[in-house]
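Enquirer: Below is a structure I'd like to ask you about.
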Amino acid sequence: MIRYALWRLLMAIPVMLVASSVIFVILRVLPGDPALMIAGERATEDEIAAIRESLGTDRPLPVQYIEWLGAALVGDLGQSTFSGQPVTRLIAQRLEPTLSLALPTLALSVLVSLALGTLAARRAGSLADKVVTAFSVLGFSVPPFVVGYALVAVFSLWLGWTPVQGYRPLSDGIAAWATALVLPVLTLSTGYVALITRVTRASMVEALSEDHVRTARAKNLGEGAILARHGLRVAAVPIVTVAGIGLALLLGGFVVTETVFNIPGVGRLVVEAIARRDYPVIQGVVLLSAGVYVMVNLLVDLSYTFLDPRIRY
């Protein structure tokens, strides 16, 4: 397993290189010049050229990429062209709101989807199964920003239970922190719950029809033990796989959710950087996201050997 993990880490290197090179080229090809954004409309050509020279955007693309990549390998993601601050510092400043949004979303999504999927599989064909299936289809089909605005309209504007927008750090108290995150977490988890619930139901229906489950029922084992030990354990591999793949949807949802609810997280940082053509910030966040996604996939693959011992052989 250690050898396999090391091999997967080595395979992550070309993935990171491809991701960084693609975003590097795309940013330079798209319309927009950071020098013009910094100089303003009344700047002369000489002033714009001087800014390009200071930013290094006047040099050939291969030279720019090699210099940026060499610095990134030692942990230097460059400096923001707008604020002049190191990109690593800007990302670190925005991590708390994003992690505060991500961790409760992951916990809520997994717990709710496992419960709904198991309920639907246990009562396949019943009204409860149809309701859960309809929720899964609807939740996966509706865009996150629509869900967010609908929740704001009901719980913030109509009922007045939660703030419309904004973020309260954990240092302000757990109550204030949790109140500000209720709607963003619900918005972000809706699609994720729908995705995992559908897979959980399908996997559990198949697992509960296996011979060993019928044998367990014949031995009068409790229904809870059957669902946990003989159902979820067998169905865990596809569920974990889809949960890992769904993380890509979650990463994209941060941008939308943080923008809708005005949360100063990493997703909002990307939106601001794109508007300002702040290339180093965009490249740094994309590289970080690719690294997180690669590590999650590695952990998912390693978890297979624990969830299903047959995979080891």
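Enquirer: Given an 8 Å cut-off on Cα distances and at least 6 residues of separation, report the relative contact order of segment 94-261 as a percent. Let's see the in-between values first.
Expert: Numbers: 180 pairs, mean separation 53.5, N = 168.
Relative contact order, segment 94-261: 32 percent.
Enquirer: Which residues make up the longest stretch of the chain that has no trypsin sites (Lys or Arg not before Pro) in a DSSP loop with at most 10 other Cβ atoms within 10 Å?
Expert: After excluding every exposed loop site, the longest remaining stretch is 43-218.
Enquirer: Still on this structure, I have one more. Using helices alone, what [θ] at 222 nm do you get for the chain, with -39,500 (n - 2.57) per DSSP H run of 4 or more residues, divided over all residues and rounded to the nearest 500?
Expert: -24500 deg cm²/dmol
Enquirer: May I ask you to evaluate 6.51 cos²θ - 1.76 cosθ + 1.60, the Karplus curve with θ = phi - 60°, for each residue of segment 56-65 and list the ³J(HN,Hα) values in order in whole Hz, giving x for glycine and proline?
Expert: x, 7, 8, 8, x, 4, x, 5, 4, 5
Enquirer: With 10 angstrom as the radius, rank Asp301, Asp172, Asp278 by how many other C-beta atoms surround their C-beta, starting from the fewest. Let's see the in-between values first.
Expert: Values: Asp301 16, Asp172 11, Asp278 26.
With the sparsest Cβ surroundings first, the list reads Asp172, Asp301, Asp278.
Enquirer: Another question, then. Where the centre of each part is set by its Cα atoms, how far does segment 235-266 sit from segment 50-92, in angstrom?
Expert: 28
Enquirer: How would you classify segment 94-261 from its alpha-carbon gyration tensor, with a ≥ b ≥ c the square roots of the eigenvalues: rounded for a/c under 1.5, else prolate if a/b is greater than b/c, otherwise oblate?
Expert: Note, shape of segment 94-261 comes out prolate.
Enquirer: How far is helix 127-141 tilted, in degrees, relative to the longest principal axis of the Cα atoms in the chain, given as a value from 0 to 90 rounded to the nearest 10?
Expert: Approximately 10 degrees, to the nearest 10.
Enquirer: Any chance you could give the angle, 0 to 90 degrees and rounded to 10, that helix 279-307 forms with the longest Cα principal axis of the chain?
Expert: Between the helix axis and the principal axis of the chain, the angle is about 20 degrees.
Enquirer: Related question: In segment 145-200, which chymotrypsin sites (Phe, Trp or Tyr not before Pro) are in a loop and have at most 13 other Cβ atoms within 10 Å, using DSSP for the loop call?
Expert: Those satisfying the criteria are Trp161.
Enquirer: Which GluC sites (Glu not before Pro) in segment 29-69 sit in a loop by DSSP (not H, G, I, E or B) and have at most 16 other Cβ atoms within 10 Å of their own Cβ?
Expert: Glu41
Enquirer: Let me ask something else. List every residue whose amide H lies under 5 Å from the amide H of Gln79, counting only residues 5 or more places away in sequence or on a different chain, with H placed 1.01 Å from N in the peptide plane.
Expert: Those qualifying (amide H under 5 Å, at least 5 residues apart or on another chain) are Val87.
Enquirer: Taking the Cα atoms only, what angle lies between the long axis of helix 2-29 and the longest principal axis of the chain, rounded to 10 degrees?
Expert: 50
Coordinate-derived values only; no laboratory data. Note that the structure is predicted; figures quoted are calculated from it, not measured. Don't worry about glycine lacking a Cβ; one is built from the backbone with ideal geometry, like all the others, and counts go over all protein chains shown.
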